Amino acid sequence: MTLDLFTKLDPNIQLPPVIYQPSFLSGRQQRLLLQEVSDYPLTKIEIEVYGKKHFIPRTQAWFGDEGCDCRYSKTLINPLPWPPVLSKLRQTLLQKCQLDFNAVLVNQYANGTECMGWHSDDEPEIVANSPIASITLGTCRDFIVRNKATQQKVSYALQAGDLFIMQPGMQQTWQHSLPKRLTVNTPRINFTFRQITPYFYQA
Ligand SMILES: O=C(O)CCC(=O)C(=O)O
């Protein structure tokens, strides 16, 4: 309903191909997942940008089916096996949304100094034109998308339990980021579920 009003007010505005479903997870589902996350081996990996090494400003872990490796900077990362609550969430996405994922990137931002810069999820191991589903836990943070051609931005204040689906075509035409918010001093956790081509880097 809000969207309709928005487009009526400004017919020139371009909307990104996303589905935003607030409160997708119940309070109980969130608590179970948060409990499990405290056992995840979240690490701050070191990457090389323009020949300079630095640690990413967040911690992360990669889970998935066998062979669903991802490449981050120059490092090949093998998936960790699915933990039980995360595996159940994968099933829920399949049953409720008909979205079939085989890997997930978990990002934890300890506070508002931790962030993620502008990028598209367009790595070659990701199945072309596949959707990406993002689920948020913990503190609300702004998730911003930017049209590659027009630079037009749309901001979403993602809250604990929200589901945000980037539909096919999104990664080609829009970028996204999670900017710093220096007044935030509590953690946020995000799960981006992806469809990976198995054994892409071993073919
Ligand atoms: O934490 C977020 O919402 C952003 C995650 C993200 O952009 C990604 O995993 O590619």
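The values are calculated or read from the model by the stated rules, or taken from the named source; none is laboratory data. Just so you know, these numbers come straight off a predicted model, no measurement behind them. Note that each Cβ is placed from the backbone with ideal geometry, even for glycine, and that neighbours are counted across all protein chains shown. Keep in mind that these areas ignore ligands, DNA and RNA; they rest on the heavy atoms of the full protein, side chains included. Shrake-Rupley method; radii C 1.70, N 1.55, O 1.52, S 1.80 Å.
Please work out the Cα center distance from segment 82-99 to segment 8-62, rounded to the nearest Å.
When both Cα centres are located, 17 Å separates them.
Pairs of alpha-carbon atoms within less than 8 angstrom and 6+ residues apart define the contacts here; what relative contact order does the chain have, in percent?
Worked out over the chain, it gives 28 percent.
Using a 10 angstrom Cβ neighbour count of at most 13 plus a DSSP loop assignment to flag exposed chymotrypsin sites (Phe, Trp or Tyr not before Pro), which longest range of the chain is free of such sites?
51-198
Report Rg/Rh for segment 1-147, rounded to two decimals, where Rg is the Cα radius of gyration and Rh the Kirkwood radius.
My calculation puts Rg/Rh at 0.97.
Out of Tyr199, Ser155, Gln60, whose Cα points farthest toward the positive end of the dipole of the chain (charges: +1 Lys, Arg; -1 Asp, Glu; placed on Cβ)?
The Cα lying farthest towards the positive end belongs to Ser155.
For segment 123-182, what is one quarter of the convex hull surface built on the Cα atoms, given in nm²?
Across all orientations, segment 123-182 yields a mean hull projection of 4.7 nm².
Looking at the chain as a GNM with Cα springs under 10 Å, which of Leu15, Leu25, Leu80 has the largest mean-square fluctuation?
Leu15
On full extension of the chain, what length is gained from Ser26 through Asp122, given 0.36 nm per residue of separation minus the C-alpha to C-alpha distance?
That pair, Ser26 and Asp122, stretches by 31.5 nm at full extension.
Work through the residues other than Arg28 whose Cβ is under 15 Å from its Cβ and net out their charges, Lys, Arg +1 and Asp, Glu -1.
With Lys, Arg at +1 and Asp, Glu at -1, the net is +1.
Go ahead and set up a Gaussian network model of the chain, Cα springs under 10 Å, then flag whichever of Ser38, Ser155, Ser130 fluctuates most.
Top of the fluctuation ranking is Ser38.
Which FRET efficiency, nearest 0.05, do Leu76 and Ser177 yield, Cβ-Cβ r, R0 22 Å?
FRET efficiency, Leu76 to Ser177: 0.35.
Taking 1 over the mean of 1/r across every pair of different Cα atoms in segment 4-90, what Kirkwood radius in Å do you get?
16.7 Å
Can you figure out the FRET efficiency of Ser87 with Tyr50, using R₀ = 30 Å and their beta-carbon distance, to the nearest 0.05?
For Ser87 and Tyr50, the calculated efficiency is 0.20.
Give the Cα extents of segment 61-182 along the principal axes, in whole Å, largest first.
Rounded to whole Å, the extents work out to 38, 33, 30 Å.
What share of Cα pairs, in percent, lie more than 18 angstrom apart in segment 40-95?
45 percent
Considering only protein heavy atoms, what per residue accessible area in square angstrom results for the chain with a 1.4 angstrom probe?
Per residue, the chain has 54 Å² of solvent-accessible surface.
When the chain is modelled as a GNM with alpha-carbon springs shorter than 10 Å, which of Ile47, Ile165, Ile132 fluctuates the most?
Highest fluctuation of the listed residues: Ile47.
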